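What follows draws every value from the coordinates through simple rules; no lab data is involved. Because the structure is predicted, anything quoted here is derived from the model rather than measured. Glycine also receives a Cβ, built like all others from the backbone with ideal geometry; neighbour counts cover every protein chain displayed.
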Amino acid sequence: MDEALKGRDLISVLDLSGSELDALFGIADEMKKYAKSGTDLLKNRVLATLFFEPSTRTRLSFETAMIRLGGNVVGFADPSTSRMTTGETLADTIRMLDSYSNVIVMRHRIEGSARLAAEIATVPVLNAGDGSQHHPTQTLTDLYLMRSEFGHIDQLKIAILGDLKQTRSASSLCFGVSRYKGVKLYLISPEPLKMKQEVKDYLEKSGIEYIESTTLDQYLGDIDVLYVTRLQKERFADPSDYEKYRGSYIVTTEMLQRAKKGMIVMHHLPRIDEIPLEIDYTPNARYFEQAANGLPVRMALLSMIVG
Amino acid sequence: MSQVRCFVVKLPPDATPSIRRALRILGDPYSVKIDLEREGMLEFSSSSPSYALLKISLICPSAVIRERKNGMEQEVSDAFPEWVEDTFVCPSKNCITAQPKEPTKARFKVVSVNPPKIQCYYCGRYIDQGALASQLSQDSGL
């Protein structure tokens with residue numbers, strides 16, 4: 001087992017180098033063998049999951065990953081069942097979980113909360129999403145699927161579509177592809193939901209070429225990956241803005257007929273109405289495989305960090 | 001012991017109170033002492049001035065800073081620190097540093113001195129000159 005990640009926090013996907021990503025994906029390939037049968041690699045180890053925001057795939061795949069690796073899980077999926085409701089600070093909660101567990105996975109709406117947790121905890125902290133900023137394990141899952149589909153990530157042309165301003169999976173993916181050569185990004189969104197300047201500056205600094213547009217059509221013949229995001233309803237200050245932009249982009253079978261041969265459609269899920277059900281039956285749909293890959297990828301991550 | 005160095009700062013007329021305030025906030029840990037101040041001009045001395053020089057440049061990029069050495073004024077060649085702490089706060093209400101009960105200390109990476117731009121270590125948001133100036137002008141205590 002590669003020991004380079006042992007004991008480390010994962011707050012941003014940028015905490016991992018390109019070679020560390022390659023190593024992790026190699027181990028994820030191996031972990032597929034144990035995704036149903038399990039191993040005892042992390043026997044007697046405890047994962048603490050602190051989900052202050054709702055989650056289905058991230059939390060359940062982390063918990064399943066730990067169980068399949070022979071470990072145990074404690075924690076909560078509903079913060080109203082914790083002492084946070086009585087005003088206990090995040091810092092104090094982390095201090096407690098630090099003493100009970102071998103690794104902490106947390107999701108919080110407040111940006112920087114995972115970084116604070118990592119400063120306090122002595123055990124590794126894995127960020128399962130903080131605000132609209134980072135979601136490193138989603139990006140690992142996304143990159144792993146692209147690698148599996150195309151055999152490489154270098155040189156891919158990737159369109160990210162939707163609410164780029166508030167979707168952490170979108171900004172995190174931008175950070176993740178910066179570890180690869182020759183990737184070109186097409187950032188497609190309504191004008192007010194454009195990618196944050198901080199992320200675009202990082203892309204420029206990293207030499208990643210990108211195009212911004214409000215329309216996708218003219219790029220359909222070029223792109224290898226169409227990464228669709230949902231509007232982040234919970235992050236709109238004004239609900240009428242959500243209604244205004246809802247349905248701005250809907251993937252259609254007609255669009256897929258005009259797309260480059262072999263283009264795949266990805267989505268971090270859950271979807272609202274941006275990918276209708278009929279797309280599920282097209283050869284382009286990959287979002288369920290993408291979500292399923294969350295298990296071997298998180299098994300690989302836990303085994304490298306805690307094992 | 002580090003040598004105490006003297007600096008002369010020429011400022012646009014309306015910038016003096018902000019710069020004076022920023023230097024006072026720096027306080028003893030940075031060994032900054034204001035020696036003379038008047039409209040459009042400020043002199044200070046310090047044994048470790050790089051942080052004060054950065055702060056002045058962030059708040060007022062048009063300030064002309066020169067070092068007084070042996071009675072002569074010369075250009076300043078100090079490298080700016082990469083990070084800035086204290087004084088500024090992240091304006092994002094959704095940043096962990098805005099949560100009053102959590103034990104964080106605001107910390108910013110210096111992205112650019114001219115134009116002034118710093119980036120919150122915790123939430124990654126930019127804070128530009130307008131926000132920096134606004135924070136200083138909101139404090140009427142100085």
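Using only alpha-carbon positions, what ratio does the radius of gyration of the protein assembly as shown give when scaled by 2.2 N^0.38 Å?
1.11
Could you tell me which of the pairs A:Lys36/A:Lys157; A:Lys196/A:Lys244; A:Lys200/B:Lys93; A:Lys157/A:Lys194 are separated by over 29 angstrom between their Cα atoms in the structure shown?
A:Lys36/A:Lys157
Ranked by Cβ crowding within 10 angstrom, fewest neighbours first, how are A:Phe25, B:Phe108 ordered?
Result, fewest neighbours first: A:Phe25, B:Phe108.
Given H placed on each backbone N at 1.01 Å, which residues far from A:Val73 in sequence or on other chains put an amide H within less than 5 Å of it?
A:Leu47
Calculated from DSSP H runs of 4 or more alone, at -39500 (n - 2.57) each and per residue, what is the 222 nm mean residue ellipticity of chain B, nearest 500?
Computed ellipticity for chain B at 222 nm equals -6500 deg cm²/dmol.
Relative contact order (percent) for chain A, with alpha-carbon contacts under 8 angstrom and 6 or more residues of separation?
22 percent
Cα-Cα over 30 Å: which of A:Lys6/B:Lys117; A:Lys32/A:Lys261; A:Lys184/B:Lys55?
A:Lys6/B:Lys117; A:Lys184/B:Lys55
Considering only C-alpha atoms, what is the centroid distance from the range A:122-175 to the range A:1-45, in Å?
Taking the Cα centre of each part, the range A:122-175 and the range A:1-45 sit 16 Å apart.
Considering Cα pairs under 8 angstrom that are at least six residues apart, work out the relative contact order of the range A:136-292 and quote it in whole percent.
Rounded, it is 24 percent for the range A:136-292.
Nearest 5 is fine: what % of DSSP beta bridges in the range A:1-151 come out antiparallel, could you say?
Of the beta bridges lying entirely in the range A:1-151, close to 5 percent run antiparallel.
Stokes-Einstein D for chain B at 20 °C, 1.002 mPa s, Kirkwood Rh over Cα pairs, in µm²/s?
For the chosen part, D equals 136 µm²/s.
Connecting C-alpha atoms closer than 10 Å in a GNM of chain A, tell me which of A:Ile264, A:Ile272, A:Ile153 has the biggest fluctuation.
Judging by the Gaussian network model, the answer is A:Ile272.
Pick from A:Ile275, A:Ile94, A:Ile120 the residue whose mean-square fluctuation is largest in a GNM of chain A, springs joining Cα atoms under 10 Å.
A:Ile120
Picking from B:Thr16, B:Thr104, B:Thr87, which is most flexible by a Gaussian network model of chain B using Cα springs under 10 Å?
Among B:Thr16, B:Thr104, B:Thr87, the largest GNM mean-square fluctuation belongs to B:Thr104.
So who's got an amide H within less than 5 Å of the one on A:Met266, skipping anything under 5 residues away but keeping other chains? H placed 1.01 Å off N, in plane.
Close amide H contacts, sequence-distant or interchain: A:Leu226, A:Tyr227, A:Val228.
Give, to the nearest whole percent, the P(r) tail of the range A:136-292 beyond 23 angstrom, counting all Cα pairs.
31 percent
Choose one of B:Ile96, B:Gly130, B:Val113: the residue whose Cα lies farthest towards the positive end of the charge dipole of the range B:83-138 (beta-carbon charges +1 Lys, Arg; -1 Asp, Glu; about the Cα centre).
Value computed over the given set: B:Ile96.
Contact order normalised by length for the range B:1-96, with contacts defined as Cα pairs under 8 Å and 6 or more residues apart; what percent is it?
32 percent
Fewest Cβ neighbours within 10 Å first, please rank B:Val4, A:Val306 accordingly.
B:Val4, A:Val306
Which ordering of B:Glu73, B:Glu37 is given by a fewest-first count of other beta-carbon atoms within 10 Å?
Ascending Cβ contact count within 10 Å gives the list B:Glu73, B:Glu37.
Grab the DSSP H runs of chain A that are 4 residues or longer, score each as -39,500 (n - 2.57), total them, divide by all residues and round the 222 nm result to the nearest 500 deg cm²/dmol.
Taking each H run of at least 4 residues, the total per residue is -10500 deg cm²/dmol.
Among all cysteines in the protein assembly as shown, which have no other cysteine Cβ under 4.7 Å from their own Cβ?
Flagged as lacking a Cys partner: A:Cys174, B:Cys6, B:Cys60.
Need one number: % antiparallel among DSSP beta bridges in chain A, to the nearest 5.
Given both bridge residues lie in chain A, the antiparallel proportion sits at roughly 5 percent.
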